[in-house]
Amino acid sequence: MIAYSKFTLDNGLRVVVHEDDSVEVVVLNLMYDVGSRDEQEDKTGFAHLFEHLMFGGSKNIPIFDKPLERVGGNNNAFTSPDVTNYYTVVPYQNIETAFWLESDRMLSLSFDPRVLEVQRSVVIEEFKQMYLNQPYGDIWLKLRPLAYEKHPYKWATIGKEISHIEQATMEDVKSFFFKHYRPNNAVLVVAGKVKQTQVRALAEKWFGEIPAGKPYVRNLPKENTTMPKPRFLRVEADVPLDAIYKAYLMPSQLDPDFTATDLLSDVLGNGESSRLHQKLVKEQELFNNISAYITGSFDEGLLMIAGKLNEDVSVEQGNKAIEELIFELQTKGISKEELEKVQNQAEATDLFSQVQVLNRAIGLAYATVLGDTEIVNQNIQRIRSVKLSQMQRLARQVLKADNCATLFYCRKTQ
Amino acid sequence: MILKRQEAPSFSPVENFEFFKPQKTVLANGSKCYIFDACEQELTQIQLLFPVGKVHAQNSAIASFTISMLSQGTATKDADTIAQHLDRYGAYFELSAGNNFSTVSLYSINRFLPELLPLFCELLSDSIFPETELELSRKRGLQNLLINEQKNSYKAQQFFLETLFGTHPYGRKLEANDLRAIERADLLNFYQNNVQNAPFDVFVVGHVDDNTRHLISDTIGKMTFVQPDAKLPKEAILAKPEPQPMQKIYQEREKAMQSSLRIGKTIMDIRHPDYFDFKILNTILGGYFGSRLMQNLREEKGLTYGVHSRVATLKSASYMQIGAEVRKDNRNEACDEIYKEVQKLCDEPVTADELEIVKNYMAGSFLSSLSSIFSIAGRYNLIYYQALEDTHYDNYVQTINQITAERLQEVANRYLKDFTEVIVG
């Protein structure tokens, strides 16, 4: 159980406090309800580029990191298709520095053209380092547009192509900021050695005067719940092993079937005792490795099966084996012991993830952005209430052959 | 009230504090047991530490294979049975062979420990390394090696260590032939000599309640050791690496978009009086976001997504290394800027302002790195591996605060020269 209290400022900023005096630090986790799904299709990669710009100075403070480092703090941020998250960790006595810095960049950025130029090239190097200059690095650039037709999940967070980042203008930056980086579009979690009363006073003082923005109404193109027919793409690249990626559209995070689908992916491919590993790596020796997992997206997400084939096995042969295994799961079902196993695995994962106060803070922020902070404490109960019959229905529904985008990622033929 | 947003709020530096002290007991079999008990979540990591690693075998793959295959079959259970048993309780093993030490860990929710500890002990007494599992691991190992060798950063790191350490095992790279050469007998031999019935120490980390302590005493504490003397690693292999000539190596890869750089050298031992001051100097150079290298190469010039300088401490050697991935046609510019920053540290004293920032940053990041008992135990690893005093970290903050700009410049002039440089891509 993660204990918390919460309040909302007049400008709409939601604040959650989690007291934990076993640590000597305080975490300020500010999650903005904006991700790459909120981008325009011709200006992708923006939410992430923005994450970089947020460190390039704000209205009253020329540089973000230096004053934070001076008080012993550190920080980082990440961008996903759904949210952009900034966290700062400071020695507890210096909590106010974190409020000062974090509130000033919500008030307004400096919009310094030089910062835009430098961060543009940093992001382009990041694009190359993480996505282009790595074996298999670009699979999400290929897979997303294959799995999604309408929803903005069809482009990757880093962006659809480098040119979008190259073309971003200061006007784009400003309008994105005032549209999404407003208090009423954010959740602040303060966790660690801190008291609720102290947080309330500091939040009022530093964030209270920031004007609310025009409410952002998210109206994204909706994907069909399942794909109408299977999709295939075969690409060749300079990689040593052939690989198969299969993406199945699955229910959104708040759907009552979400957790059961998550457990279904565990039955398929979480750990050495999972079906995919047992059958295709151990028994049939077709794959070097294979696993299944979910993307955990807010909107309709993907249940993924990903594996690298052994050298002498063709992608067609590997794919057929996966499909046969799924067919068996759909027709013969899942045993009670198997369900209990994945429930125990999920419970352990949940518990281990709560050890770090930063993870608890991020969990509270996610739940609040999703609409209900209490979700964070309902995980175990949701895991335990999954029924065998529900998983069997989902095995037929989600793992249907039609509902699958398959990417064959092959070695270049000489 | 009007807020003065241009002015930073007042703050106070982190004060010196005493590092966590694990509770130490000795189990019935003589194992030293270090208990790190401070976790609200009811889970535990039980880690066994063996004073044996990659440097103690002739082939770089033998130790890794032996340790990672401990869970691939025992006298009574095959690999699948073991995997099923673990997964059934949501538990997992972490089996890892380091250079000089290896660790065998079990992570579990406390209430399932009674079902898991007997199996855990079985890995240490009855592993059999089945031929079929060895073939599978070998195949997987070879294929993963193929993938890694395509990465510039992997190759650069490998060349760099090879250049620093020469023929010493620290510089030995893993080659396909090592994997092909392994036989079951090699693993059994390594196991019987170094793991099976061999002495180990224990770290117990997490929510360590009475019940867990009893369980550990009744299982792990009762494992018997034989001929501990015969099983100690050979001192000869632990010799310090010979100094190697500095080198500059460029391996071009035509299709690469980026080049991977490694610049560095071997440095003084952790017990040397200059060691800690050198670490502070390294932090200024490239150990945090505000560092000279990060500010210059990334924030001013946009040459890279990230550049870091770090100090690595092995059992019988230490080295520093600067690393970055940069656009291929910028690689020379990036190297020039790195050397310029290094030279500046030798030529000019660090300003009072920068010194204040780095001191407070280091103290604060030390403090925040201790925010879970698992990370505290991780920090304690260094004390254990290097056989340092338990009080090693007690004056950490105070020691940082004593450093002066003059002293840093002196250390810079003594050590920041004669670098080995490796570029791949």
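With respect to (1) surrounded by 18 or more Cβ atoms within 10 Å (Cβ to Cβ); (2) more than 14 Å from every other protein chain (Cβ to nearest Cβ); (3) touching a residue at least 60 places away in the same chain (Cβ under 8 Å), the lone exception for residue A:154 is condition (3).
Among the residues of the range B:204-216, is any touching a Lys or Arg at 6+ places or on another chain (Cβ under 7 Å), in a loop (DSSP other than H, G, I, E, B) and away from every other protein chain (no Cβ under 14 Å)? Looking through the range B:204-216, none of the residues is touching a Lys or Arg at 6+ places or on another chain (Cβ under 7 Å), in a loop (DSSP other than H, G, I, E, B) and away from every other protein chain (no Cβ under 14 Å). Applying the selection to the range A:18-50, what residues are aliphatic (A, V, I, L, M) and crowded, with 23+ Cβ neighbours inside 10 Å? Once the filter is applied, which keeps residues that are aliphatic (A, V, I, L, M) and crowded, with 23+ Cβ neighbours inside 10 Å, the range A:18-50 yields A:25, A:26, A:27, A:28, A:30, A:31, A:34, A:47, A:49.
Within the range B:186-198, can one find any residue that is closer than 30 Å to residue A:355 by Cβ, buried (at least 16 other Cβ atoms within 10 Å of the Cβ), out of contact with any Lys or Arg (no Cβ under 6 Å at 6 or more places or on another chain) and not aromatic (Phe, Trp, Tyr)? Write out each step before concluding.
Residues of the range B:186-198 that are closer than 30 Å to residue A:355 by Cβ, as a first pass: B:195.
Then drop every residue that is not buried (at least 16 other Cβ atoms within 10 Å of the Cβ), which leaves B:195.
Next cut, out of contact with any Lys or Arg (no Cβ under 6 Å at 6 or more places or on another chain) only: B:195.
Pick out the ones that are also not aromatic (Phe, Trp, Tyr) and you get B:195.
There is at least one residue in the range B:186-198 that is closer than 30 Å to residue A:355 by Cβ, buried (at least 16 other Cβ atoms within 10 Å of the Cβ), out of contact with any Lys or Arg (no Cβ under 6 Å at 6 or more places or on another chain) and not aromatic (Phe, Trp, Tyr).
Taking the numbered list (1) of a type in the set (A, V, I, L, M); (2) within 14 Å of another protein chain (Cβ to nearest Cβ); (3) farther than 18 Å from residue A:10 by Cβ; (4) out of contact with any Leu (no Cβ under 7 Å at 6 or more places or on another chain) in turn, residue A:141 passes all entries but (2).
Right, residue A:344: surrounded by fewer than 21 Cβ atoms within 10 Å (Cβ to Cβ), within 13 Å of chain B (Cβ to nearest Cβ) and more than 28 Å from residue B:81 (Cα to Cα) or not? No; evaluated as a whole, the condition is false for this residue.
In summary, residue A:27 fulfils each of the numbered conditions (1) at the interface with chain B (Cβ under 9 Å from one of its Cβ atoms); (2) touching a residue at least 60 places away in the same chain (Cβ under 8 Å); (3) closer than 30 Å to residue A:172 by Cα with the single exception of condition (3).
Considering (1) under 30 Å from residue B:256 (Cβ atoms); (2) modelled with pLDDT under 95, the lone condition that residue B:386 does not fulfil carries the number (1).
Within the range A:162-179, the set of residues being under 22 Å from residue A:127 (Cβ atoms) and among the hydroxyl-bearing types (Ser, Thr, Tyr) comprises A:163, A:169.
Annotation for the range B:304-322: at least one member residue is within 14 Å of chain A (Cβ to nearest Cβ), crowded, with 17+ Cβ neighbours inside 10 Å, at pLDDT 95 or above and farther than 30 Å from residue A:191 by Cβ. So in the range A:111-148, with the set limited to residues that are among the hydroxyl-bearing types (Ser, Thr, Tyr) and at pLDDT below 90, which one is farthest from residue A:57 (Cα to Cα)? So the residue we want is A:131.
Within the range A:49-98, the set of residues being within 26 Å of residue A:371 (Cα to Cα), modelled with pLDDT of 95 or more and part of a loop (DSSP other than H, G, I, E, B) comprises A:80, A:81, A:82, A:83. Of the helices (runs of 4 or more DSSP H) lying entirely inside the range B:309-425, those containing at least 2 residues that are touching a Leu at 6+ places or on another chain (Cβ under 6 Å) and closer than 30 Å to residue A:123 by Cα are B:331-347.
Residue B:27 satisfies every condition listed in (1) among the hydrophobic types (A, V, I, L, M, F, W, C); (2) farther than 25 Å from residue B:134 by Cα; (3) facing chain A (nearest Cβ under 8 Å) except (3). The one condition from (1) over 30 Å from residue B:152 (Cα atoms); (2) β-branched (Val, Ile, Thr); (3) under 24 Å from the mean Cα position of the chain (by Cα) that residue A:210 does not meet is (3). Across the range A:243-289, the number of residues qualifying as farther than 20 Å from residue B:78 by Cβ, surrounded by 24 or more Cβ atoms within 10 Å (Cβ to Cβ) and hydrophobic (A, V, I, L, M, F, W, C) comes to 7. Return yes when residue B:43 is in the same structural domain as residue B:202 (by TED's automatic domain parsing), within 30 Å of residue A:19 (Cα to Cα) and buried (at least 19 other Cβ atoms within 10 Å of the Cβ) and no when it is not. The answer is yes for residue B:43. How many residues are within 8 Å of chain B (Cβ to nearest Cβ), more than 15 Å from residue B:324 (Cα to Cα) and acidic (Asp, Glu) when one looks only at the range A:104-138? Total meeting the criteria: 2. The single residue among A:360, A:396 that is out of contact with any strand residue (DSSP E or B) (no Cβ under 7 Å at 6 or more places or on another chain), in a helix (DSSP H, G or I) and of a type outside the set (Gly, Ala, Ser) turns out to be A:396.
Can we say residue B:79 is in contact with a Gly (Cβ under 8 Å, 6 or more places away or on another chain), over 23 Å from residue B:379 (Cα atoms) and facing chain A (nearest Cβ under 8 Å)? Answer is yes for this residue. Does the range A:254-272 include one or more residues that are away from chain B (no Cβ under 14 Å), touching a residue at least 40 places away in the same chain (Cβ under 8 Å) and either over 30 Å from residue A:308 (Cβ atoms) or not in a helix (DSSP H, G or I) (or both)? Scanning the range A:254-272, I find at least one residue that is away from chain B (no Cβ under 14 Å), touching a residue at least 40 places away in the same chain (Cβ under 8 Å) and either over 30 Å from residue A:308 (Cβ atoms) or not in a helix (DSSP H, G or I) (or both), so the answer is yes.
With respect to residue B:117, determine if the residue is more than 21 Å from the chain's Cα centre (by Cα) and of a type in the set (A, V, I, L, M, F, W, C). When the stated conditions are applied, residue B:117 passes them. The conditions of being buried (at least 17 other Cβ atoms within 10 Å of the Cβ), assigned to a helix (DSSP H, G or I) and in contact with a strand residue (DSSP E or B) (Cβ under 8 Å, 6 or more places away or on another chain) are met by residue B:160.
Between B:412, B:377, B:334, which is of a type outside the set (Ser, Thr, Tyr), under 30 Å from residue A:20 (Cα atoms) and surrounded by 15 or more Cβ atoms within 10 Å (Cβ to Cβ)? Walk me through how you get there before you give the answer.
Details: B:412 fails: under 30 Å from residue A:20 (Cα atoms); B:334 fails: under 30 Å from residue A:20 (Cα atoms).
Checking each option against the conditions leaves just B:377.
Residue-wise test of (1) over 27 Å from residue A:128 (Cα atoms); (2) in contact (Cβ under 8 Å) with a residue 24 or more places away in the chain; (3) among the aliphatic types (A, V, I, L, M).
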position: B:134; (1), (2), (3): yes, yes, yes
position: B:145; (1), (2), (3): no, yes, yes
position: B:156; (1), (2), (3): no, yes, yes
position: B:172; (1), (2), (3): yes, yes, no
position: B:189; (1), (2), (3): yes, no, no
position: B:197; (1), (2), (3): yes, yes, no
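For the range A:1-17, taking the residues that are within 14 Å of chain B (Cβ to nearest Cβ) and modelled with pLDDT of 95 or more, the one that is surrounded by the most Cβ atoms within 10 Å (Cβ to Cβ) is identified as A:2. The residues listed here are B:54, B:77, B:32; of these, the one that is surrounded by 16 or more Cβ atoms within 10 Å (Cβ to Cβ), of a type in the set (Lys, Arg) and touching a residue at least 60 places away in the same chain (Cβ under 8 Å) is B:54. Evaluated against (1) within 14 Å of chain B (Cβ to nearest Cβ); (2) within 21 Å of residue A:233 (Cβ to Cβ), residue A:300 falls short on exactly one condition, (1).
The values are calculated or read from the model by the stated rules, or taken from the named source; none is laboratory data. Values in this document were obtained by computation on a predicted structure and should not be read as measured data. We place every Cβ from the backbone using ideal geometry, glycine too, and count neighbours over all the protein chains shown.
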